[in-house]
Each structure stands twice: as C-alpha cells, then as structure tokens.
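Notes follow the structure.
Nothing in this text is a laboratory measurement; each read-out follows from the coordinates by a stated rule. Predicted model, so just to flag it, every value in this text is computed and none were measured. Please note: Cβ atoms are built from the backbone with ideal geometry, for glycine as well, and neighbour counts cover all protein chains shown.
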Amino acid sequence: MAKKGSIPWNKGKKNIYSKAILKSNSNKHKGSYEERYGPERAKDIKKKISIAGSKRILSEDHKKRIGKKTRLRLTGKSYEEIHGKEKAKIIKEKISKNSWPKKMKGNFPESTLLKKRNNNLGENNPMFGKLGKEHPGWKGGLSFEPYPPTFNKHFKLSIKQRDNFTCLKCNLNEVDHKQLYNGQGLITHHLDYKKLNTTEFNCCCLCHRCHAESNFNRPFWTIFFRSILSQRYGYKYKKGETLLQ
C-alpha cells in the first residue's frame, strides 16, 4: 500500500490498462452496496461516506468552476453552447440512457408493468379515497402555508454558496444535478420543516432524491442535518431551537 501523500505510479498516464481490465474493474462497481458487500458492511460504508462528505471542503478554484458553470446554466444556454457539440451529445445520451422510466421498462416484462398499474388504480390502491386529514401523510395542512418574503432567490443562492453548491447528504453538485433533473437546481430545505423559520441555521442544500427521502422519518433527518451543519459551521442547537452565535 502506498504511503499517504506519495504520488501514484499511474498519475497522468493514459492507455495503460487493457480493455479486459477496464471491463473487470467496471463490473466490480456495478450494483448497490448491499448487493456487493451485504447489508451489514453496506451500512458501515454508507456511514463512513456520510461522515467524510460532511467534512469535505472544496478549494476556491473548485468553487469558482462550479459557480461559472451554474451561472452559464442560469442564463438559459444550451448544452452545445456550454460544452460544445461533441460533449453535449455525450451528455444527452447519458441522460437519456439513465432515465428511470426506461430502466423500469427494461427490467420488467410488459405483463408485470400492466399488473402493477392495475393494482394501483381505483379501489385496489390502499390510498384510494383517503384525502386531507384521512391520509396517513397529513401534517395539519403545512404544505398550504405560504413561504415568507425572506425565502427568495437571493437567500437560496446564499445557502447554495455556503454549502459549496452540493447536496448536504450525497454531495451531488449543482451542475450534475441540473443535467440529471432537466435543468432544475438544488433544493433549499428547511431542517425543521417550518417554512416561516427561514434562516441560514435552519436551511441546507439537498438534491431532489435526498429531499424526497427526508420527508419520511422527519425527526431523524432534522437531527441528522443539524449535526452536519453543527460540525461544518459551528452552529449550536438545543431542544429543537437554534442558538445564534
């Protein structure tokens, strides 16, 4: 094993691996952590990744590159204008190939998909007819509350800049997020799920996937994200309230 700080022997070298080795290395990384290592080891790996991600600090040069690409995307320019025709073509092919509806259609026969659709229609759906207060996801109508005037584009941009334009949970950056989600940027998430509590101590950046995941088991995610902000920026929290420094 190489010593920490030493220069890898293959740094800067190209075309040093055969196609067989490249294919073998690619196959080793296919599938989820659970499939590759088992549930117990996968849990430890994900925990280590989460801790390492919370301590990740981007260089000023990296931040400038992210900011430059983000500004270009916000101007409404196409992939061709930003990356050039050749690279834009590759990006579009990757997005099209990784589109989840196509993956689902490829993994299930048509008969299975039809059965799933029928089971989720009408009275076969366990949520059929359960609206408003009767729905298990009802939170007292919080989703109908308006956001305060302070929750504007300038505030959202300040949160993104603080979090280095990356998701606080999975570290997906703004540029890649827009490529995956049809030009949509990272989401500004309220840690305590209270829209009126719009402060830098109560907000963070999340990607669409992590934001959807955080809507379940909310008390856990509130503590989880607060612990990251506390370690990274020195914020202090006590009994669900924020102590301003």
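Points to keep in mind about this one:
- The label-point distance for residue 32 and residue 181, in a model that sets each label 7 Å from Cα toward Cβ, rounds to 2.1 nm.
- A simple spin-label model places the labels of residue 85 and residue 64 3.1 nm from each other, with each point 7 Å out along Cα-to-Cβ.
- Rounded to the nearest 20 debye, the dipole magnitude of the range 149-245 is 200 debye, with +1 charges on Lys and Arg beta carbons, -1 on Asp and Glu beta carbons, and the Cα centre as origin.
- Under-5 Å amide H pairs with residue 237, H placed in peptide plane, nonlocal only: 243
- Relative packing of peptides 60-66, 204-210 - highest average C-beta neighbours within 10 Å first: 204-210, 60-66
- Applying the Karplus relation 6.51 cos²θ - 1.76 cosθ + 1.60 with θ = phi - 60° to the range 6-18 yields 3J(HN,Hα) values of 6, 7, x, 5, 9, 5, x, 8, 10, 6, 9, 10, 6 Hz, where x marks Gly and Pro.
- Computed over the range 149-245, the ratio Rg/Rh where both radii use C-alpha atoms and Rh is Kirkwood: 0.94
- The listed peptides 14-25, 45-56, ordered by packing as a protection proxy, come out as 45-56, 14-25 (highest mean of other Cβ atoms within 10 Å first).
- Restricting the range 156-245 to chymotrypsin sites (Phe, Trp or Tyr not before Pro) that sit in a DSSP loop and have at most 13 other Cβ atoms within 10 Å of their own Cβ leaves 216.
- Shown in residue order for the range 147-162 are the 3J(HN,Hα) couplings computed by the Karplus curve 6.51 cos²θ - 1.76 cosθ + 1.60 at θ = phi - 60°: 7, x, x, 6, 8, 10, 5, 5, 5, 4, 5, 5, 5, 5, 5, 4 Hz (x for Gly and Pro).
- With a Cα cut-off of under 23 Å and a minimum spacing of 8 residues unless on different chains, the lysine pairs in the range 149-245 number 26.
- Coupling constants for the range 197-209 follow from the phi torsions by the Karplus curve (6.51 cos²θ - 1.76 cosθ + 1.60, θ = phi - 60°), and in residue order they are 8, 9, 9, 5, 6, 10, 9, 8, 8, 9, 7, 4, 5 Hz; glycine and proline get x.
- Extension reserve of the residue 78-residue 232 stretch, reckoned as 0.36 nm per residue once the Cα distance is removed: 51.9 nm
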